[in-house]
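The values are calculated or read from the model by the stated rules, or taken from the named source; none is laboratory data. Computed from a predicted model, the values in this text were never measured in an experiment. A quick note on method: Cβ atoms are made from the backbone with ideal geometry, for glycine too, and the neighbour counts reach across all protein chains shown. In case anyone asks, the SASA skips ligands and DNA or RNA and just uses the protein heavy atoms, side chains included. Shrake-Rupley method; radii C 1.70, N 1.55, O 1.52, S 1.80 Å.
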Amino acid sequence: MNIDKLKSSYRNYLKLNENLSSFTWFGVGGSTEMLFLPDNIDRAISFIKDKPPQLKIFVIGAGSNILIRDNGIPGASISTKNLNKLSIDINGIITAEAGSLDINVARFAREHERTGLEFLVGIPGTIGGGIRMNSGAFGSEFKKILIDVKAINNSGIIRIFTSEELGMKYRSIDVGDEWFFYSARLKTSKGIKNKIQNRMKDIIQLRKKAQPTGVKTGGSTFMNTSNYKAWKLIDKAGCRGLKLGDAKVSEKHCNFIINTKKSSASEIEKLGELIRKKVLESSGIMLNWEIRKVGIKWKSNLVCTL
């Protein structure tokens, strides 16, 4: 199917040259040539199978851990916000579509008196994105709860990956971006509803106490390792409160960058790179980005201030 026919066949679910800033927590970024908003998994699969092989796909979940560059994303972007069905079987295995918000999955498990997913209330993302990043918080991560995930690649090939086959590591997996994860099975244990609820409340309070909330941010900017906490290195390098335009290092938790007003994606990325430089000079350690930077790279000369 050529591009024109694809646009005609899926016109009720497509937006052309759509700005993506409203699809990310940072509230920044350029446009995508084609934004596809499927209303169900079958339509998403059909679109991927029907599209021309040369049309590249980028998948957007909650947009909580990505930085879309100002020049946008070429090709087609798929939003999973309507792919959010949840179900549970007699063994307590929860099946969640890719666009299911982590917090909603935790609540769904609580209502069915299943434990093990409480940590998801502390992760502002979706199941699909959580698997892609092996997201984690408060002592757990997706690697511990994932049984398997259904996926389709850019060529329309469908397969199931087990947790082991994904090669899940700290905030990364071994499977490339050409695979779109669309439905996952998660393991749980029998629990007591009020204990599950209390644990969820504790996690929410801990998150509010330790992290900036109610602001435009992308979550943790840089990865931790077993040898160091990124925020400690950033703080030691004197970067707490560092500003570049309307981008600022959070004073509450300096591994978070905040869009204070109308920052550009390039300001946020340049501020991140300046942090990496200062940390390297201070500690000899080069921080690795946890936030995914996507799209056509910027070109700009910007001045940073404290």
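List of remarks:
- Highest average packing first - 149-162, 267-280, Cβ atoms within 10 Å: 267-280, 149-162
- Over segment 66-146, all Cα pairs binned in 5 Å intervals from 0 give whole-percent P(r) values of 3, 14, 24, 23, 16, 8, 5, 3, 2, 0, listed from short to long.
- When segment 5-73 is described by a simple charge dipole with +1 on each Lys and Arg Cβ and -1 on each Asp and Glu Cβ, the residue from 35, 19, 64 located farthest towards its positive end is 35.
- Share of Cα-Cα pairs in segment 150-209 lying beyond 16 Å, as whole percent: 63
- Within the chain, the selection of entire DSSP H helices by a Cα span of 18 Å or greater along the long axis and an average Kyte-Doolittle value of at least 1.0 returns an empty list.
- Here the scattering of segment 97-203 is modelled by Debye summation over its C-alpha atoms, one equal scatterer each and no solvent; at q = 0.12, 0.16, 0.19 Å⁻¹ the log10 of I(q)/I(0) is -0.38, -0.66, -0.89.
- Accessible area, probe 1.4 Å, largest first, for residues 182, 13, 170: 170, 13, 182
- More than 13 Å apart - percent of Cα-Cα pairs taken over segment 126-183: 56
- Mean separation of Cα pairs under 8 Å and 6 or more residues apart, divided by the residue count, gives the chain a relative contact order of 18 percent.
- Rounded to the nearest 500, the 222 nm mean residue ellipticity of the chain from helices alone is -8000 deg cm²/dmol, with -39,500 (n - 2.57) taken per DSSP H run of at least 4 residues.
- The spacing between segment 167-212 and segment 41-88, judged by their C-alpha centroids, is 21 Å.
- Rg and Dmax of segment 1-133, both derived from C-alpha coordinates alone, stand at 16.2, 49 Å.
- Surface/4 estimate of mean projected area, convex hull on alpha-carbon atoms of segment 171-262, nm²: 9.6
- Rounded to the nearest whole Hz, the Karplus-based 3J(HN,Hα) values (6.51 cos²θ - 1.76 cosθ + 1.60, θ = phi - 60°) of segment 146-153 follow the sequence 7, 8, 7, 9, 7, 9, 9, 9, with x at glycine and proline.
- Amide H contacts under 5 Å for residue 77, placed H, 5+ residues apart: 34, 35, 36, 58
- In segment 164-223, taking the dipole from charged Cβ atoms about the Cα centre, the farthest positive-side position among 181, 167, 215 is held by 215.
- When all alpha carbon pairs of the chain are counted in 20 Å bins from zero, the resulting P(r) reads 32, 57, 11 %.
- Whole-percent carbon and sulfur share, accessible surface of the chain, 1.4 Å: 48
- Checked against a 23 Å cut-off, the cross-linked pairs 15/49; 7/56; 262/297; 208/229; 236/277; 5/150 give Cα-Cα distances beyond that limit for 5/150.
- Here the peptides 131-137, 199-205 are ranked by packing, the mean other Cβ count within 10 Å, and the order with the highest first is 131-137, 199-205.
- Note: segment 11-73, Cα convex hull, 92 Å³ per residue.
- Placed amide H near residue 191: partners under 5 Å, 5+ positions off or other chain: 114, 115
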